[in-house]
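See structure below.
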Amino acid sequence: MRFSLVLLAVSVFSVANFAAEKKPNVLFIAIDDQNDWIGYLGGHPMVKTPHIDRLAKRGTAFTNAHCQAPLCNPSRTSLMTGLRPSTTGIYGLSPWFRNVPEFKNLVTLPQYLKQQGGYKTYSTGKIYHGRYGNQKKSQEFDFIGPGASGTPFPPKKLIGSTPFGNHKLMDWGVFDHKDHEKGDWKVASWAVDQLDAKPKEPFFMSVGFFLPHVPCFATQKWFDLYPDDNSILPKILKNDRADTPRFSWYMHWYLPEVRHKWLKENNQWRNLVRSYLACTSFVDNQVGRLINALNRNNFDRNTIIVLWSDHGWHLGEKEISGKNTLWDDGTRVPLIFAGPGIKPDQICTQPAELLDIYPTLNELLDLPQKNELEGHSLMPQLKNSKAKRHWPAITTHNHDNHGVRSENWRYIQYADGSEELYDMRKDPNEWNNLANQGKYEKVIARHKKFLPKNNRKPAPNSKHRILIYNKGKANWQGSDIAPAAPIPGIED
């Protein structure tokens, strides 16, 4: 009898231990301003991202994933709350959504994992915009590491003044510094230290890298990966904006990011492209450090890894540099899921949204469904990459401006009703706007059905990159470089 009881106790203990081991951890990796210049995405033929590409092979990698806003704060707010920008009215670099009374008690992704799954939550670097969510007494995270930083900076700007003055972020290039001095190295090191401490409780560890956000500074070893000649430049079409609506210019009118014309005239286009590629490879190396730490501490078999970027970035395409657009260069991002419950070595071409991450993790972790989330679980695609999606990806920039991306088409509608349509199979660079050709009316109608019905005006105290359209006039409500002002005629 005693022997049976001992066996029963051992059995119960083993089952309990097995159950505890089976609750997956989550390593949540964010990269700032990372477009599709990632190896597996094919956005640039020369880019070197071996660690991210190996991660893609370990899991399911999405090639048609898109952000909900082409700007840091609204994109990250949407991902972490599970609500669209058009639902919250968070369109600019501020406010922090918890400062909006209606949304101050929203239960975010890390909070939900704490409440429903008993997860310990860690964060370092940039997960929310700026320092949002990183307060010592944070509602979001139990343990907080170093914040995001583009440091170190050179003694003076490398590229000098740009059309809007000496904006400190508008800089790029190489100068004498060490990798271990960089903010992103320190962010990765903090996360590695947490993993090396072998946390006993299930963890949600979010690690947000600053680069390749401007200023794009990297050490010489990363620049040496890429030739200093025009072979690295992306393909562009001269006068590409000739068939786009006037309103498309409004989206990035008073911004510090420079236009392609200035890059060429000041011999900075190649330098910016090379700097962006170098920073991308440096961040890929930091991702590799995280994954190596996960593996050597035996967390690899029981950890779900999610890698994403908050939005894309133009490097001369559509005659601009920067973000704040509704084209693929502004919206398309890497999105990878790897780990238990996810089929490895899959590439999925179905449209996906960053908004889908929250409900997908809930299902992967077997947590209760959260009905108010506006995204849709990607579990069908994580099991079979060919499983069809019923929803396109929708990106919003300021009120009533939306891009709808299906598997084969991109449709854009601006606040004044003007439109763009691109056949992404025949025209992946979006060089030929088909919206005014009557034979595509049915295609447009199919995509229009998915435009958000709720289009809130900006939340109270919104500022920085806020565009208001009312009674036929567009107005900036303050920006990085200009006060509130009506937009004048479009001129280059």
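Read-outs: derived from the displayed coordinates by stated rules, not from any lab. On a predicted model such as this, the values are computed, not experimentally measured, just so you know. Because the Cβ atoms are built from the backbone with ideal geometry, glycine has one as well, and the counts that use them run over all protein chains shown.
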Review point. By per-residue mean of other Cβ atoms within 10 Å, what is the highest-first order of 92-98, 420-426, 122-128, 232-238?
Key: 122-128, 92-98, 420-426, 232-238
Check your understanding: Between the range 102-165 and the range 299-314, what is the C-alpha centre distance in whole Å?
Key -> 16
Practice item. Past 21 Å, Cα to Cα, is the threshold; run Lys157/Lys235; Lys126/Lys168; Lys343/Lys388; Lys168/Lys463; Lys182/Lys221 against it and keep the listed order. Key: Lys157/Lys235
Check your understanding: When the Cα atoms of the chain are enclosed in a convex hull and the volume is divided per residue, what value in Å³ results?
Key -> 155
Exercise for review: Can you tell me which of 291-298, 353-360 comes out highest on packing, and rank the rest after it, using the mean Cβ neighbours within 10 Å?
Suggested key: 353-360, 291-298
Point to revise | Considering only the range 24-394, percent of DSSP beta bridges that pair antiparallel, nearest 5 | key: 30
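As a test of the formula, what do you get for the chain when each DSSP H run with n ≥ 4 contributes -39,500 (n - 2.57) and the sum is divided by the residue count, at 222 nm and rounded to the nearest 500 deg cm²/dmol?
-8000 deg cm²/dmol
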Check your understanding: Gap in Å between the Cα centre of the range 187-249 and the Cα centre of the range 379-440?
Key -> 24
Check your understanding: If Lys and Arg each add +1 and Asp and Glu each add -1, what is the summed charge of the other residues whose beta carbon sits under 9 Å from the beta carbon of Ser377?
Key -> -2
Exercise for review: With only alpha-carbon atoms counted, please give the Rg and Dmax of the range 180-256, in Å.
Suggested key: 20.4, 59
Practice item. Based on alpha-carbon positions alone, could you give the equivalent ellipsoid semi-axes of the range 271-416 from the gyration tensor, as √(5λ), descending, whole Å? Key: 28, 23, 13
Revision key, fill the gap. The answer for His464, listing residues at least 5 apart or on another chain whose modeled amide H is closer than 5 Å to its amide H, is Ser479
Revision key, fill the gap. Non-local residues with an amide H under 5 Å from the amide H of Phe204, with H modelled 1.01 Å from N and Pro and chain starts lacking one, are Val26, Lys120, Thr121, Tyr122
Check your understanding: So for the range 17-115, what percent of the C-alpha to C-alpha distances run longer than 21 Å?
Key -> 51
Revision key, fill the gap. Result row for the chain, helices from DSSP H with C-alpha axial extent 27 Å or more and mean Kyte hydropathy at least -1.0, is 2-22, 269-296
Check your understanding: Quick one: length gained pulling Lys57 to Lys200 fully straight, 0.36 nm per residue minus the C-alpha distance?
Key -> 48.7 nm
